[in-house]
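Take a look at the structure below.
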Amino acid sequence: MLNVMYAPRNVVASISGSGEIMEGDSVNLTCSSESNPPVQIYNWFKENETSSVGSGQTYSITNINSSHSGWFYCEAQNKVGSQRSSAISVTVTGVHGFALYTLYGILAGCGALFFIIIFIILFMMKCRRDRTAEDIKQKQTADSSDDTYTALNPEYRTSDDIYSTSDQCMAADGVYTTLELQSRSDTLIVNRQ
């Protein structure tokens, strides 16, 4: 019986599954070859890295993310020699729908919270403006009902007063007004200057 021994040949690396690889997936890389005696050691390498990233005929990457993207190859070795496979590409293209919807939900929630905060700030500013305007109006009303106007009102004047008089007083807005009392029964005539 003739037994011819040889180093691994026809070394091929393959990736499990098909389609897009999403973040969080698990991926298996498998190495196969022909050799006599059988392969004793399988090592996995990632291009541009000096040391191996894994060993065994199957290399599993769990919870994959974008940092795992790149080109991988395997090396099969027996006591006669070794051979490397061609490199295969592992590309992580995106996140799963659930994770994507979660991200969109978080962004939508933050946007809604931002608009609610802006609405509250604008509402508080409007309330403050309304209060200020109301305070000014009340102050003007209080100023217009002081004793000066009461003293010049014909209803409060007696028969001893002079029936035709002219006087000037300052209104609440700082404009002088001429008041003329013509008789007790007549109305008050106000001339603004």
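The values are calculated or read from the model by the stated rules, or taken from the named source; none is laboratory data. Since we're looking at a predicted model, the values are computed, not measured. Please note: Cβ atoms are built from the backbone with ideal geometry, for glycine as well, and neighbour counts cover all protein chains shown.
Residue count for the range 33-65 under the criterion of being touching a helix residue (DSSP H, G or I) at 6+ places or on another chain (Cβ under 6 Å) and closer than 18 Å to VAL12 by Cβ: the result is 0. Among the residues of the range 7-43, the ones that are over 21 Å from GLU75 (Cα atoms) and surrounded by 14 or more Cβ atoms within 10 Å (Cβ to Cβ) come to 5 in all. Residues in the range 51-74 that are within 29 Å of the chain's Cα centre (by Cα) and either outside the structural domain of SER32 (by TED's automatic domain parsing) or of a type in the set (Val, Ile, Thr) (or both): ILE64 only.
With of a type outside the set (D, E, K, R), in contact with a strand residue (DSSP E or B) (Cβ under 6 Å, 6 or more places away or on another chain) and closer than 15 Å to ILE15 by Cβ as the only criterion, which of THR91, THR30 stands out? From the options THR91, THR30, the qualifying one is THR30.
Beta carbons closer than 6 Å, at least 6 apart along the sequence or on distinct chains, pair a first residue in the range 19-39 that is in the same structural domain as ILE64 (by TED's automatic domain parsing) and under 16 Å from SER67 (Cα atoms) with a second that is assigned to a loop (DSSP other than H, G, I, E, B) and among the β-branched types (Val, Ile, Thr) for ASP25/ILE64; SER26/THR62; VAL27/ILE64. Here ASN48 passes the criteria (1) in contact with a Pro (Cβ under 9 Å, 6 or more places away or on another chain); (2) at positive phi except the one numbered (1). ALA99 meets the conditions (1) surrounded by fewer than 17 Cβ atoms within 10 Å (Cβ to Cβ); (2) among the hydrophobic types (A, V, I, L, M, F, W, C); (3) modelled with pLDDT of 90 or more in every case but one. The failed one is (3). Looking only at the range 66-83, residues that are of a type in the set (Gly, Ala, Ser) and either in contact with a helix residue (DSSP H, G or I) (Cβ under 8 Å, 6 or more places away or on another chain) or in contact (Cβ under 8 Å) with a residue 60 or more places away in the chain (or both) come to 3 in all.
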